[in-house]
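For reference, the structure is listed below as structure tokens.
The values are calculated or read from the model by the stated rules, or taken from the named source; none is laboratory data. Since the model is a prediction, treat every value here as computed from it, not as a measurement. Cβ coordinates were reconstructed from backbone atoms using ideal geometry, including for glycine residues, and neighbour counts include every protein chain displayed. With ligands, DNA and RNA removed, areas are computed over all heavy atoms of the protein, side chains included. Shrake-Rupley method; radii C 1.70, N 1.55, O 1.52, S 1.80 Å.
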Amino acid sequence: MTRLVLIAFISLFVFFACPSKKAGSMPYNDLSAEKVVSVTVQLLPGKKTGLSDDEIMELVGILKTFEAKKPDNSHNDMGGQCTQFTLEMAGGSYETVTLFGRFIILNGDGYKDSDEILSKLNKLAGAIFSRANSSTESIVLYPRNPNVLRVGSEFCIELDENQSIPYRWEYAISNDILVKPSHVVLDPGTNISQMPGSGGEIRVFYFDALGAGECQIEMAYKDIRDGMADEVVIYVVVIED
């Protein structure tokens, strides 16, 4: 009798102390824009683009209201195009939110019956791709020599980054009145093997030229564990009317 009571007590403890993180939960209730390093949205198969800070805040606001009800993974037996948001988190982990038909798929687990959230996410993705398609081709900056640009132009900095080690590129702008960060994209580059430590990824930082003048952008390759920089690259931008 004592053994049965003990088993029942342990079962109740596990039930209440370890609630499900899926059915009936709000997995992104504690998500904030500060916890997100960058976000890309991609049509699979198809093109990919990054999100601006305002678009990341809108995405976070939508995800915070999502309630993960009963999982439904019948999407595994279906085919077709889908839209995938990939969130790079401050701790180095990644979250994927995929839109497929009436499914919202979180890191591989599918959920239905969330038409309102699905509609908002699809609308946001459509606006992002519309913005990306209407923008002109970005100018790639080079270090050392001054890069001469026009006011209103978009430009970018491309740097190699290895996702399997705890180092990430961070930027510092000398004059944020002249230059404004736009969005960040992680491209797979030439990394075919995908072996741990192989590297080959490319981090692309996009910026907008707002006003005439000279500005420096410092790119530091920092250890995310202690913030110490292993490498620093300086880019000089001269913006003309």
How high is the FRET efficiency from Gln81 to Arg102, r the C-beta distance, R0 22 Å, rounded to 0.05? 0.95
Probe radius 1.4 Å, ligands and nucleic acids ignored: give me the carbon and sulfur share of the accessible area of the stretch 26-95 as a rounded percent. 50
Computed label-point distance, nm, for sites Asp54 and Glu67 using a 7 Å Cα→Cβ extension: 3.2
Which FRET efficiency value, to the nearest 0.05, is calculated for Asn133 and Asp226 with the Förster distance at 30 angstrom and r the Cβ-Cβ distance? 0.15
Enumerate the residues in the stretch 67-81 having an amide nitrogen under 17 Å from the point lying 7 Å beyond the Cα of Asp113 toward its Cβ. 67-75
Length gain on complete extension for the stretch Asn175 to Arg150, per 0.36 nm per residue less the alpha carbon to alpha carbon distance? 7.4 nm
What FRET efficiency comes out for Ser164 versus Lys123 if R0 is 30 angstrom and r is the Cβ-Cβ distance? Round to the nearest 0.05. 0.30
